Amino acid sequence: MVQVIGGYSKSVYAVLGAVGFVALIDTSMISPVIASHARALNADAFWAGLIAGSYSIIAIPMIVLAGYFSDILGRRRAMVMGLAGDLLAMTLYAVSPAPSILLAARILHAVFDSFIVPSALALIGDLFSKSVGRPLSFFWIFVAVAIVLGSGSSAGLVSTLGFHAVYAVIGALVVASLIATLRGLPSPPTSKNRVRGGARIGGVHARRVAVSMIGMLSMYLLIGGVVGTLPTILIDRFGLDERGAAAQIGLFMAVSTAVSIPIFPISARLAERRTPLVPLIIGLLASMTTALALEFGAGVTLTRVISSIIFGLALGTVIFSSSYLVVTLPQEVRGLGSGLNQSASLLGVALGAPLTSLYVATIGWEGFFILYGVIPPLAAALIVLSVWRRVARELKE
C-alpha cells in the first residue's frame, strides 16, 4: 500500500530528493575540475578563471528569473526545461574542443541549472502546503549528500578516467532524474493569480523574502571568505603548502556539510512546532561562533575541525529556515521568492571571496573574520528579532 502524505504518495518525496541531488551533484562535481579542464584545452589563466567564474555571474540574476518563470509556466514544466538543458550542457562540456566552447557550455549550464532548485522548492510548497517541513528537510538532505559525494569524487574520476567521465556520470543522473520527473511528479492545482507572477511580492510578503535573503547572504559571505581567502591565510601566515591548504578547506566544507544532514529534520521540527525564525536565529549564532573560532584559531587544526562542526549547525538551520519562509508564500509568488532566496547564497559567495581577499591584501589578517563573519549574521539576527512578531503572525495566517 502506498503511503500518502498531504494527498500525495511518498514516492513524490523520492523524486523531489532525486531532483535536489542532481541539481547540486553537477555543480559540486564540475566546479573543482572545470578550470583544469580549461587549461587542458590550452586556455590561459584568464580564460580558465573566466570559465570557472562565469557560472555564478550568469546564475545570480538567472535564478531569480527562473523562479519567476516557474510561477508563470508551472513548476513541472520549468524543472523539465532545466533538466533537459542541463543534459545539453553536459554534452557540450564533454565534446568541447576549445575554451570558447567550454565557456558556452558553462553559460548554458548556469542558465538551465537555475530553473531546477527554485521550481523544486516552490513545488514542495504547492504539494505539501499544510506541512512542508518533512519534504523540505528531505530535499535539503539529498542536496547535502550530493555536495559531499560530488566534491569528493570528481578529482578521482578525472585522474582515472578523464574529464569526460565526470560529464558522463552527471548526464546519466540527469537523464534518470528527468524520466522520474516526467513520470513521477504530479502537476499541482494552478493558482488563479499565477499569471500575475510576482505582482504581490512587494506587499506584506516582502518582509519574509527579505529576512530569508538576509539570513542566507550573511552566512554565505563567511563561506566566500573560507573558500576564497582562508587558503591564503593558511599558506602565508601558518606555513601550509598549497595542497595542504586546499585539503584543509575541502575538509572544512565536507565536515560542515555532513554535519548539516541531521540538522535539517531537527530544523523542520522546530519550524513547525514553533516558527522557522527559531532555527534561523540559532543558525546565525552558530555562524558567528564559527567566525570567532577562525579569527582566533585558524592556524590550529582542532579549532578548524570544531568550527566546521559548528558551521554544519549553521548550514542546516539557516538553509532550511530561510527556504521555509519562501516555500510557504502564496502559490503565485513561491517561485520568485525561492529564486530570490537562492540568489542570496550565490551573491554571498560571489561577494565574500573577492572582498575578503581584498581586505587581507590591503589591511592584513586581523579582524578579517570579525568583519565578514561576525558582523553580517549579527546584523541579520537583529533584523530578524525586530520583525519577529510580524513575520510569525504572517506565517500563521
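The values are calculated or read from the model by the stated rules, or taken from the named source; none is laboratory data. In this text the structure is predicted, and so the values were computed from the model without any measurement. Reconstructed Cβ throughout: ideal geometry from the backbone, glycine too, with neighbour counts over all protein chains shown.
Worth pointing out:
- Leading residue by the ranking (farthest from residue 356 (Cα to Cα)) among those in the stretch 215-234 that are within 17 Å of the chain's Cα centre (by Cα) and of a type outside the set (A, V, I, L, M): 215
- In the stretch 145-156, the residues that are modelled with pLDDT of 80 or more reach residues that are not in a helix (DSSP H, G or I) with C-beta atoms within less than 9 angstrom, at least six apart or across chains, in these pairs: 150/31; 150/32.
- Only one entry of 79, 62 meets the criterion of being modelled with pLDDT of 95 or more and either more than 24 Å from residue 38 (Cα to Cα) or out of contact with any Gly (no Cβ under 6 Å at 6 or more places or on another chain) (or both), and that entry is 62.
- Out of 300, 209, sole residue that is over 23 Å from residue 370 (Cα atoms) and out of contact with any strand residue (DSSP E or B) (no Cβ under 6 Å at 6 or more places or on another chain): 209
Matching residues to (1) among the basic types (Lys, Arg); (2) crowded, with 17+ Cβ neighbours inside 10 Å; (3) part of a loop (DSSP other than H, G, I, E, B):
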| site | (1), (2), (3) |
| --- | --- |
| 215 | no, yes, no |
| 251 | no, no, no |
| 263 | no, yes, no |
| 269 | yes, no, no |
| 275 | no, yes, yes |
| 279 | no, yes, no |
| 286 | no, yes, no |
| 292 | no, no, no |
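- Identification of helices (runs of 4 or more DSSP H) wholly contained in the stretch 73-146 with 2 or more residues that are surrounded by fewer than 19 Cβ atoms within 10 Å (Cβ to Cβ) and among the hydrophobic types (A, V, I, L, M, F, W, C) yields 75-95, 99-113.
- Conditions (1) more than 19 Å from the chain's Cα centre (by Cα); (2) more than 17 Å from residue 119 (Cβ to Cβ); number of the one not met by residue 333: (2)
- Residue match in the stretch 201-224 (condition: farther than 30 Å from residue 74 by Cα, among the β-branched types (Val, Ile, Thr) and modelled with pLDDT of 90 or more): yes
- The residue that is surrounded by the fewest Cβ atoms within 10 Å (Cβ to Cβ), among those in the stretch 377-397 that are farther than 14 Å from residue 294 by Cβ and of a type outside the set (A, V, I, L, M), is 397.
- The residue list 317, 290 contains one member that is modelled with pLDDT of 95 or more and closer than 19 Å to residue 24 by Cβ, which is 317.
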